Amino acid sequence: MSHRLILVVAVALYNEKGEILLAQRPEGKQLAGLWEFPGGKVEPGETPEAALVRELQEELSITVKESELEPLTFASHTYADFHLLMPLYKCQAWSGEIYPREGQAIAWVPPANLFNFPAPPADIPLFEVLSGKGATEEP
């Protein structure tokens, strides 16, 4: 069975303490109440980086330069009616104060505590990468 492919982009925003920003999906949206990385759908003709710059301005009122976005990893997950492909970027620099424009709750989370926040299935492997729990230890 083939599913339509949806390309979304997300970012792990890091503050000066090394904590990562998570946002809670607001009521009325699919997967409401779950915690995820900021980001959103990539529009036709848009690069993932351009989409992330746009989404961060729309969702959190911050301005990010594409040059500050560092590709980190990605998620590939099949939901019931679509397949999600989600590149995850790392970002440690932006301008403006973070203000959640969509009424979503936000939290700064130490990487080791990401699993304390219920998240969409596609985000869990990303939590594993960021927390170091999914990485194999070097001898």
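The values are calculated or read from the model by the stated rules, or taken from the named source; none is laboratory data. All values derive from a computational prediction rather than experimental measurement. Cβ placement follows ideal geometry from the backbone for every residue including glycine, while neighbour counts extend to all protein chains displayed.
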Q | Criterion: over 19 Å from Y14 (Cβ atoms) and within 14 Å of the chain's Cα centre (by Cα) - qualifying residue of L60, L72, L85 | A | L85
**Q.** Evaluation of E128 against (1) under 26 Å from R4 (Cβ atoms); (2) assigned to a helix (DSSP H, G or I); (3) out of contact with any helix residue (DSSP H, G or I) (no Cβ under 6 Å at 6 or more places or on another chain); (4) not aliphatic (A, V, I, L, M) (one fails), failing number
**A.** (1)
Q) of a type in the set (D, E, K, R), crowded, with 16+ Cβ neighbours inside 10 Å, in a loop (DSSP other than H, G, I, E, B) and in contact with a strand residue (DSSP E or B) (Cβ under 9 Å, 6 or more places away or on another chain) - does that describe any residue in segment 20-42? A) yes
Q: Determine whether segment 43-64 contains at least one residue that is modelled with pLDDT of 95 or more, closer than 21 Å to G132 by Cα and not in a strand (DSSP E or B).
A: no
**Q.** Matching residues in segment 1-19 - criterion: being of a type outside the set (D, E), assigned to a loop (DSSP other than H, G, I, E, B) and in contact (Cβ under 8 Å) with a residue 12 or more places away in the chain
**A.** H3, N15, K17, G18
Q: May I ask you to list the residues in segment 86-137 that are under 16 Å from E59 (Cβ atoms) and of a type in the set (A, V, I, L, M)?
A: M86, L88, I98, A105, I106, A107
Q: Filter segment 65-96 for residues that are modelled with pLDDT of 95 or more and out of contact with any strand residue (DSSP E or B) (no Cβ under 7 Å at 6 or more places or on another chain) and give the result.
A: K65, E66, S67, A93
**Q.** segment 27-56: number of residues that are of a type in the set (G, A, S) and touching a residue at least 12 places away in the same chain (Cβ under 8 Å)
**A.** 5
